[in-house]
1. Pull up segment 20-37, narrow it to residues that are assigned to a helix (DSSP H, G or I) and not small (Gly, Ala, Ser), then point me to the one that is farthest from the ligand (Cβ to nearest atom).
2. Please tell me if Ala204 is part of a helix (DSSP H, G or I), more than 19 Å from Met115 (Cβ to Cβ), in contact with a Leu (Cβ under 6 Å, 6 or more places away or on another chain) and among the aliphatic types (A, V, I, L, M).
3. Consider only pairs whose beta carbons are under 6 Å apart and that are at least six residues apart or on different chains; among these, list those whose first residue lies in segment 88-101 and is under 15 Å from Met200 (Cα atoms) and whose second residue is within 16 Å of the ligand (Cβ to nearest atom) and not in a helix (DSSP H, G or I).
4. Of the numbered conditions (1) away from the ligand (no atom under 12 Å from the Cβ); (2) in a loop (DSSP other than H, G, I, E, B); (3) not basic (Lys, Arg), Thr85 fails exactly one; give the number of that condition.
5. Scan segment 196-222 for residues that are of a type in the set (Val, Ile, Thr) and more than 16 Å from the chain's Cα centre (by Cα) and jot them down.
6. Looking at segment 122-149, which of the residues that are surrounded by 18 or more Cβ atoms within 10 Å (Cβ to Cβ) and aliphatic (A, V, I, L, M) is farthest from Arg179 (Cα to Cα)?
7. Being more than 9 Å from the ligand (Cβ to nearest atom), closer than 18 Å to Asp34 by Cα and surrounded by 18 or more Cβ atoms within 10 Å (Cβ to Cβ), is that true of even one residue in segment 67-77?
8. Could you list, in sequence order, the residues of segment 40-66 that are surrounded by fewer than 15 Cβ atoms within 10 Å (Cβ to Cβ) and under 25 Å from Leu138 (Cα atoms)?
Amino acid sequence: MSESLVLTDTQGRVGLITLNRPKALNALNDALMDELGAALLAFDANEDIGAIVITGSEKAFAAGADIGAMKDWTYMDVFGADYITRNWETIRKVRKPVIGAVAGYALGGGCELAMMCDILIAADTAKFGQPEIKIGILPGAGGTQRLPRAVGKAKAMDLVLTARMMDAAEAERAGLVSRVVPADKLMEEAMDAATVIASMSLPAVMMAKEAVNRAYEAPLNDGLLFERRMFHSLFGTHDQKEGMTAFMEKRKPEFRNK
Ligand code: CAA
């Protein structure tokens, strides 16, 4: 039997997904994307999990979509089968927070997958880029849309048109990543952040994720109204009562995720 292209593990309330095609620098072929989608949905549905971490290898988070697989595809192979939509966007259905822990290359589809995560923690070895232009295509999994939203048009155009890579320090300055840490601390930092998130009230966490995402998808007034209604609705939860009572009583809250 061939080895899984995606490995899963749990640590407390954190689900860990490791992309496992190291010899091909985790090039993202259909089988890998199918397995990744299944692993994400399984953790999302598991009530013992409160946050998810996706990582790759030391050398590569992922070096992009699988060029060898795509090389001979025709227009109808990609348009007809709705390549990208068919299995790249499962991560967008995930309602629990997803942290991307990136070491080494995050290029092309690898950078795009990283940008679909809610929080990005980078090792100081991380390199981000959208080099598709070098092989005669353009980013197809959100690179031309999410990168400018994250780093602005100036840097996005630079990366997309010249194919140059951005190191971790530049990515942090530009606002693409949340934190940069020494490579040997990457997993500890990512798992700790996920553990903190998973210790919070799950409905509050899920609504906060939805509300922040609204900032990218809706005009300000709609986003503000959405946020306010989410805020109001949390007053119907046990965990709001418990969180505020525990604060007043100077003790740790015992959330029940409802
Ligand atoms: N697809 C398929 N195989 C890949 C790959 C990819 N995207 N990236 C790396 N590999 C394979 C290489 O073919 C090589 O395989 P072999 O050992 O069998 O020859 C192996 O991984 C190691 O790669 P290199 O020998 O090239 O390693 P390197 O250290 O010299 O270079 C690199 C590393 C700069 C990342 C280089 O591999 C590279 O440029 N990769 C391609 C990056 C790229 O163009 N990504 C965009 C893909 S298109 C896309 O993602 C479309 C989209 O928007 C969805």
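1. Result: Glu35.
2. It is true that Ala204 is part of a helix (DSSP H, G or I), more than 19 Å from Met115 (Cβ to Cβ), in contact with a Leu (Cβ under 6 Å, 6 or more places away or on another chain) and among the aliphatic types (A, V, I, L, M).
3. Close Cβ pairs satisfying both conditions: Val98/Cys117.
4. The one condition Thr85 does not meet is (1).
5. Passing the criteria: only Val196.
6. Among residues in segment 122-149 that are surrounded by 18 or more Cβ atoms within 10 Å (Cβ to Cβ) and aliphatic (A, V, I, L, M), the one farthest from Arg179 (Cα to Cα) is Ala141.
7. no
8. Across segment 40-66, the qualifying residue is only Lys59.
The values are calculated or read from the model by the stated rules, or taken from the named source; none is laboratory data. These numbers come from a predicted model, not from an experiment. Every residue, glycine among them, receives a Cβ derived from its backbone with ideal geometry; neighbour counts consider all protein chains shown.
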